[in-house]
1. So, R0 is 25 Å and r is the distance between the beta-carbons of residue 74 and residue 30; what FRET efficiency does that work out to, to 0.05?
2. Expressed as a rounded percentage, what relative contact order does the chain have, with Cα pairs under 8 Å and six or more residues apart?
3. Highest mean first, what order results for 61-74, 44-57 on Cβ atoms within 10 Å?
4. If you average 1/r over all unlike Cα pairs in the chain and invert the result, what Kirkwood radius do you get in angstrom?
5. Using only Cα atoms, what is the ratio of the radius of gyration of the range 2-45 to 2.2 N^0.38 Å?
6. Using the alpha-carbon atoms, what tilt in degrees (0 to 90, nearest 10) does helix 6-15 show relative to the longest principal axis of the chain?
7. How far is helix 80-93 tilted, in degrees, relative to the longest principal axis of the Cα atoms in the chain, given as a value from 0 to 90 rounded to the nearest 10?
8. Nearest 500 deg cm²/dmol is fine: what mean residue ellipticity at 222 nm does the chain get from its DSSP H runs of n ≥ 4 alone, each adding -39,500 (n - 2.57), divided by its residue count?
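Where a number appears in this text, it was derived from the coordinates with a stated rule and is not lab data. Bear in mind the structure is a predicted one, so any value in this text is a computation, not a measurement. Using ideal geometry, Cβ is built from the backbone for each residue, glycine included, and neighbour counts are taken over all protein chains shown.
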């Protein structure tokens, strides 16, 4: 597993759901929820999936929102693994 090329990354981001973007070396998306409890419920689901995959995002939780940032620090950028976890994140949000 290595860092995706710019072309590969552009194609992968286009294939993801709405809201994903590459910023500051990570694949990022902000999710919105009705309240803090719903945001925490989602954050905990992401935490469980991350533990199972042994691949963890940077996550910021606020009132009614969760921002995820996926990057593979071990390879120094965004990899296929991050794309997979982004897709998983969208599934967990629904």
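1. Once the sixth-power term is evaluated, E becomes 0.50.
2. 37
3. Ranked from most to least packed, the peptides come out as 61-74, 44-57.
4. Averaging 1/r across every pair of different Cα atoms and inverting gives 13.3 Å.
5. 1.46
6. Roughly 40 degrees between the two axes.
7. 20
8. When only DSSP H runs of four or more count, the value is -14500 deg cm²/dmol.
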